[in-house]
Amino acid sequence: MRAMQLFAEPLRAAIAAKFGVEPDAIRLEAPRDDKQGDLALPCFLLAKQLKKAPPALAAELASALAGAVADVTAFATGPYVNFRIARPALARAVFAEIAEQGARYGGSSEGSGRKVVIDFSSPNIAKPMHVGHIRSTILGASLMRIFRHLGYTAVGINHIGDWGAQFGGLVVAIRRWRSEVDLEHDPVRGLLELYQRSKAAVEADPKFREESVAAYRELESGAEGEVRETWRWVTQVSLRGFDATYRRLGIGHDFVRGESFYEQLLEPTVARIQAAGVTEISEGALIVDLTGVDKGLKETPCLLRQTNGTTLYATRDLAALFQRFEEFEFERCLYVVGSEQRLHFRQLKAVLKRMAIEWEPRAEHVDFGLLLGPGRVKLASRKGAVLVLDDLIDEVVEEARRIIGEKNPDLADAASVAEAVGIGALVFNDLKRERIKDVVFDKAEILSFEGETGPYLQYTHARLASILRKAEANGEGGAEPDFAVLEGSGSILMRLARLPDVVRGAAARCEPSEISNYLLALCRELNSWYAENRVLGETPRTTAARVALIRASKSVLGNGLGLLGITPLEAM
RNA sequence: GCGCCCGUAGCUCAGUUGGAUAGAGCAUCCGAUUUCUAAUCGGAUGGUCGGUGGUUCGAGUCCACCCGGGCGCGCCA
């Protein structure tokens, strides 16, 4: 039983009994200002039904409910009945639940036996990951953790861009110029250079173009030989590079399936859609007309096959979607992809609707805003200087190292702490706002470790850890706690009790920022509390109560950080 | 032109199914460290919630229209 429900359930039952309605019809909300109470019942609707003035009804209810539920007091404030849970009882219930569930607190088993497929990160081979990949990667990884915390089987898929005509050009570039670049020490950077040269050569040199078309044709044919071998090598070194970055971020996928994986499924997919009778030929291309599905899609049919017979992006994604449903029978299939691809995913879903596929609502586009460069211009990845993700990580970690040297030069294990702090700053920067918001890439903001940042959360955690260490060393905190001293700590207790609801909401809306904002609020409250309340060296019963609060808070904060992909630190 | 998204303090953002005086961080100014980590805390300054109507006992939140910004719109992915 959740700690809060221990009080809220009987309260709702008592209110419902007064009116002879179902307890589910009674909605208790959290007052905006926690000084007003822990739970509130607005009386507007009931007052209307009973033809009474809301404040009068509130007053009447407050006195009627006095003593109805143990440890809960009721009082009327204007048109509201506010309820306040006695701090000792609240503390006991909340601490017990957190201690009992430990690392599982905030989660549940509601997802047991249910499967969520999450498609995220999805870089292209032959190029290093750059800052443009960071949002999908970090959001997707956090969603994986959130769903797993709720007991779901989360299947992470990395849909690598490893197929397309451009790889014909790359193979030819490698064939011609491999001795001119360094493919030994840093093959991915070498490949990037060749990739860019091949792009230019395809434009400028007809002979090069001819050769690359031939190479791509050979690749598509599936024939073994130099072309396929080269492509395989490119894939391999690229994945090795990605893996190193993922490891640093503590991220992993269950399946790495490039676009090439679905090559064999394209023709059967087209056949399946045709068999459903929803295709037609328009201007020489095979399309699915979507006018009837959605007025907004009338000018934009889904193209399955070009005039020249080859398939397209949408065809590949449909093939992948069908394959995933057959393999996983997912309850939800999430595509963590930028919002500029909204139309694409609307089209995919519209095709499913036209085919009368009942599981169509299970496919969801988890979209996020653009990553913009300085001046709010779109950060172009094609041209010229892209900021390589590993370089950015290095830079942030280096800044963390510098600050540690300044603030805590004696810190043991400074290197690994710097790594965790730097990555924490980077990760939180991407998870702190609603995902649909555009993000202006601002290095100064990422390098700032003050205010609403990952390091702020980690710092709070480290201070809590430090208190617990000292309590342990002093042998303090073991007395019978006097929870009456937590009288002024109600907002923290209520906050701690709320984590399970926050995690569930974050999963329902695929919005890790809800956890971020929860943790920021918790840390603000904890830091304020810390400035006013001393834990160690008080009377044994006071210290015991405060140690219990610190222990529960550290546990909750640690769990929350873990869900975001930020390392909770014991010291920093 | 059509479709979708966004618009809350100088800047970056919170604001759960409509509810009680609209909240943070950054920046600016003032203040706090002989005591549990000052990557912190307290205070001050800062708002016609883009605009106009509408629904409602009640609208930042819902509806309509308008304004501003962005993304997308058949043979790329």
TODO: With all protein chains present, calculate the accessible area of residue A:230 using a 1.4 Å probe and round the result to the nearest 10 Å².
DONE: 20
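I need the shape label for the stretch A:299-343. Rule: rounded when a/c is under 1.5, else prolate if a/b > b/c, else oblate, with a, b, c from the alpha carbon gyration tensor.
Working: a/c = 2.82, a/b = 1.41, b/c = 2.00.
It comes out oblate by the Cα gyration axes.
Just to confirm a number: summing +1 for Lys and Arg and -1 for Asp and Glu over residues other than residue A:388 whose beta-carbon lies under 11 angstrom from that of residue A:388, what do you get?
On the way: positive: A:127, A:189; negative: A:186, A:390, A:391, A:394, A:395.
Every neighbour counted, the sum reads -3.
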TODO: Treating the angle as unsigned and between 0 and 90°, give the value, to the nearest 10°, between the Cα long axis of helix A:87-101 and the longest Cα principal axis of chain A.
DONE: 40
- [ ] Collect residues whose amide H, placed 1.01 Å from N in the peptide plane, falls under 5 Å from the amide H of residue A:77; neighbours closer than 5 in sequence don't count.
- [x] A:82
Task: Furthest towards positive pole of dipole, A:535, A:493, A:505, structure part the stretch A:443-572, Cβ charges - done: A:505
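Determine the order of A:87, A:469 by accessible area, beginning with the largest, at a probe radius of 1.4 Å. Could the numbers behind the result be given before it?
Details: A:87 10, A:469 115 Å².
Ranked from most to least accessible, the order is A:469, A:87.
Excluding residue A:327 itself, what net charge comes from residues whose Cβ is under 11 Å from its Cβ, given Lys and Arg +1 and Asp and Glu -1? Numbers along the way, then the final one.
Numbers: positive: A:115, A:257, A:324; negative: A:326, A:329.
Around residue A:327, the charge tally is +1.
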TODO: Express in nm, to one decimal, how much length is gained between residue A:448 and residue A:285 on full extension, taking 0.36 nm for each residue of separation and deducting their alpha carbon distance.
DONE: 53.5 nm
Open item on the list: Output wanted: per-residue J couplings in Hz (rounded whole) for the stretch A:164-172, from phi through Karplus 6.51 cos²θ - 1.76 cosθ + 1.60, θ = phi - 60°, x for Gly and Pro.
Closed with: x, 4, 4, 6, x, x, 5, 4, 5
TODO: Scan around residue A:357 for amide H atoms under 5 Å from its own, H built in the peptide plane at 1.01 Å from N, and keep only partners 5 or more places away or cross-chain.
DONE: none
Task: Rounded to the nearest 10 Å², the accessible area of residue A:456 at probe 1.4 Å - done: 50
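What length, rounded to one decimal in nm, is gained on full extension from residue A:359 through to residue A:51, with 0.36 nm per residue of separation minus their alpha-carbon distance? Mind dumping the intermediate values first?
Details: separation 308, 0.36 × 308 = 110.88 nm, distance 4.66 nm.
Gain on extension, residue A:359 to residue A:51, equals 106.2 nm.
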- [ ] Compute the distance in nm between two label points, each set 7 Å from the Cα along the Cα-to-Cβ direction, one at residue A:308 and one at residue A:329.
- [x] 4.2
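Keeping every protein chain present and rolling a 1.4 Å probe, give me the accessible area per residue for chain A in Å².
Details: 26120 Å² over 572 residues.
Normalised by residue count, the accessible surface of chain A is 46 Å².
Could you pull out the GluC sites (Glu not before Pro) across the stretch A:430-531 that fall in loop regions by DSSP (anything but H, G, I, E, B) with no more than 11 other Cβ atoms inside 10 Å? Can you show the working numbers first?
Details: sites: A:434, A:445, A:450, A:452, A:472, A:476, A:487, A:514, A:525; in loops: A:434, A:450, A:452, A:476.
Sparse-neighbourhood loop GluC sites (Glu not before Pro): A:450.
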- [ ] Taking just the C-alpha trace of chain A, give me its Rg and Dmax in Å.
- [x] 28.7, 90
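Ignoring everything except DSSP H segments at least 4 long, calculate the 222 nm mean residue ellipticity for chain A; use -39,500 (n - 2.57) per segment, divide by total residues, nearest 500.
Details: 19 runs with 300 residues, N = 572.
Calculated from helices alone, the mean residue ellipticity at 222 nm is -17500 deg cm²/dmol.
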Open item on the list: Modelling each spin label as a point 7 Å along the Cα-to-Cβ direction, I'd like the residue A:165/residue A:487 distance in nm, to one decimal.
Closed with: 7.8
- [ ] For chain A, give the share of DSSP beta bridges that are antiparallel, in percent and rounded to the nearest 5; count only bridges with both residues there.
- [x] 50
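So for each of A:94-106, A:189-201 I average, over its residues, the number of other beta carbons within 10 Å; can you give me the resulting order with the highest mean first? Display every interim value, and only then the final one.
Details: A:94-106: 17.2, A:189-201: 18.8.
In descending order of packing, they fall as A:189-201, A:94-106.
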- [ ] Please list, in chain and number order, the residues 5+ apart from residue A:373 or on another chain whose amide H is under 5 Å from its amide H, with Hs placed from the backbone.
- [x] A:378, A:379, A:441
Open item on the list: With a 1.4 Å probe and all protein chains kept in place, how much accessible area does residue A:344 have, in Å² rounded to the nearest 10?
Closed with: 20
Open item on the list: Charges at C-beta only: +1 for Lys and Arg, -1 for Asp and Glu. How large is the resulting dipole of chain A about its Cα centre, in Debye rounded to 20?
Closed with: 1300
- [ ] For each pair in A:127/A:353; A:35/A:432; A:432/A:554; A:127/A:443; A:127/A:378; A:295/A:378, compute the distance between the two Cα atoms and list the pairs where it is over 25 Å.
- [x] A:127/A:353; A:35/A:432; A:295/A:378
Task: Surface share of carbon and sulfur [accessible, 1.4 angstrom probe, percent] for chain A - done: 51
Task: Net charge over other residues, Cβ less than 10 angstrom from the Cβ of residue A:316 (K, R count +1; D, E count -1) - done: -3
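By accessible area of protein heavy atoms, probe 1.4 Å, what ranking do A:437, A:51 get, highest first? Numbers along the way, then the final one.
On the way: A:437 105, A:51 180 Å².
Ranked from most to least accessible, the order is A:51, A:437.
The values are calculated or read from the model by the stated rules, or taken from the named source; none is laboratory data. From a predicted model like this one, the values you see are computed outputs, not experimental measurements. For neighbour counting, all protein chains shown are included, and Cβ atoms are generated from backbone atoms with ideal geometry for every residue, glycine included. Remember, those area values only see protein heavy atoms, side chains included, never the ligands or the DNA or RNA. Shrake-Rupley method; radii C 1.70, N 1.55, O 1.52, S 1.80 Å.
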